[in-house]
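Colleague: Mind having a look at this structure? Questions to follow.
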């Protein structure tokens with residue numbers, strides 16, 4: 001059976017990291033946690049689950065995740081965030097891959113949550129990600145934000161696994177609103193471009209209709225509406241209009 005290293009980056013994640021670590025206990029041959037000097041009980045909890053904790057000054061998301069991957073003992077990597085949990089079906093899929101590793105990287109769907117409500121429609125699902133990979137063929141992109149795992153060789157073969165990665169990123173609707181607003185105004189997420197006013201109005205209309213109606217975001221209730229609003233506001237900030 002192939003050995004698997006699970007890598008996670010953390011900072012003050014005591015409320016969420018335990019659930020993540022519990023879901024990987026029977027598949028991880030080692031757990032590497034790169035912690036940015038948490039001031040809560042994150043490190044204590046990680047060590048209780050047998051993780052090797054490396055404390056390192058924060059740089060950015062891509063660099064930190066690449067450092068975690070480089071610190072692993074094994075080439076096969078499962079890279080998670082502290083607020084992500086393997087579903088039972090995905091857990092079984094990864095166990096099978098450990099027995100028969102047939103390609104270089106594996107994708108699976110990520111199911112995002114607002115509180116305990118799963119967001120199954122709109123643009124948030126299936127949210128396909130590569131998180132299980134051979135570090136000799138794929139790795140995290142070295143980006144400050146919007147980082148993702150990508151093939152690093154032309155012959156990297158990718159396959160899809162069944163099961164969801166459960167992403168508990170928001171405590172409730174208010175947390176979703178506050179987090180969305182913070183993302184919009186950080187300046188890291190938006191690059192201003194100028195386009196004709198009519199084109200901007202068409203873009204805004206299309207984004208809302210696509211997110212809320214065509215992709216059935218309205219079925220996710222208040223959360224679906226907030227996600228559609230966030231995408232509209234993003235377009236408004238990304239583009240300025242000219243007559």
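Colleague: Identify all residues within segment 37-58 that are touching a strand residue (DSSP E or B) at 6+ places or on another chain (Cβ under 7 Å) and either within 21 Å of residue 92 (Cβ to Cβ) or in a loop (DSSP other than H, G, I, E, B) (or both); write none if there are none.
Modeller: Hits for segment 37-58 are 37, 38, 49, 50, 51, 56.
Colleague: Among the residues in segment 195-203, are any assigned to a strand (DSSP E or B), under 19 Å from the mean Cα position of the chain (by Cα) and in contact (Cβ under 8 Å) with a residue 40 or more places away in the chain? Reasoning before the result, please.
Modeller: Within segment 195-203, the first condition is being assigned to a strand (DSSP E or B), and the residues that meet it are 195-196.
Those left that are additionally under 19 Å from the mean Cα position of the chain (by Cα): none.
No, segment 195-203 contains no residue that is assigned to a strand (DSSP E or B), under 19 Å from the mean Cα position of the chain (by Cα) and in contact (Cβ under 8 Å) with a residue 40 or more places away in the chain.
Colleague: Condition check: in the same structural domain as residue 164 (by TED's automatic domain parsing), surrounded by fewer than 23 Cβ atoms within 10 Å (Cβ to Cβ) and either in a helix (DSSP H, G or I) or touching a helix residue (DSSP H, G or I) at 6+ places or on another chain (Cβ under 8 Å) (or both). Does residue 22 satisfy that?
Modeller: Yes; evaluated as a whole, the condition is true for this residue.
Colleague: Could you please find all residues in segment 210-225 being under 16 Å from residue 177 (Cα atoms) and surrounded by fewer than 19 Cβ atoms within 10 Å (Cβ to Cβ)?
Modeller: Within segment 210-225, 221, 222, 225 qualify.
Colleague: For the condition at pLDDT below 95 and closer than 27 Å to residue 51 by Cα, what is the one hit in 145, 123?
Modeller: Checking each option against the conditions leaves just 145.
Colleague: Are any of the residues in segment 89-100 closer than 29 Å to residue 223 by Cα, under 16 Å from the mean Cα position of the chain (by Cα) and surrounded by 23 or more Cβ atoms within 10 Å (Cβ to Cβ)?
Modeller: Within segment 89-100, one or more residues are closer than 29 Å to residue 223 by Cα, under 16 Å from the mean Cα position of the chain (by Cα) and surrounded by 23 or more Cβ atoms within 10 Å (Cβ to Cβ).
Colleague: Here is a further query. If we keep just the residues of segment 127-161 that are under 12 Å from the mean Cα position of the chain (by Cα) and part of a loop (DSSP other than H, G, I, E, B), which is nearest to residue 77 (Cα to Cα)? Step through it out loud before you land on a result.
Modeller: Filtering segment 127-161 for residues under 12 Å from the mean Cα position of the chain (by Cα) gives 127-131, 140, 145-149.
From what is left, the residues that are part of a loop (DSSP other than H, G, I, E, B) are 127, 145-148.
Details: 127: 20, 145: 21, 146: 20, 147: 16, 148: 14 Å.
Taking the candidates together, the pick is 148.
The values are calculated or read from the model by the stated rules, or taken from the named source; none is laboratory data. What you see is a predicted model, and the numbers here were worked out from it, not measured in a lab. When we count neighbours, we look across all protein chains shown, and the Cβ atoms used for this are built from the backbone with ideal geometry, even at glycine.
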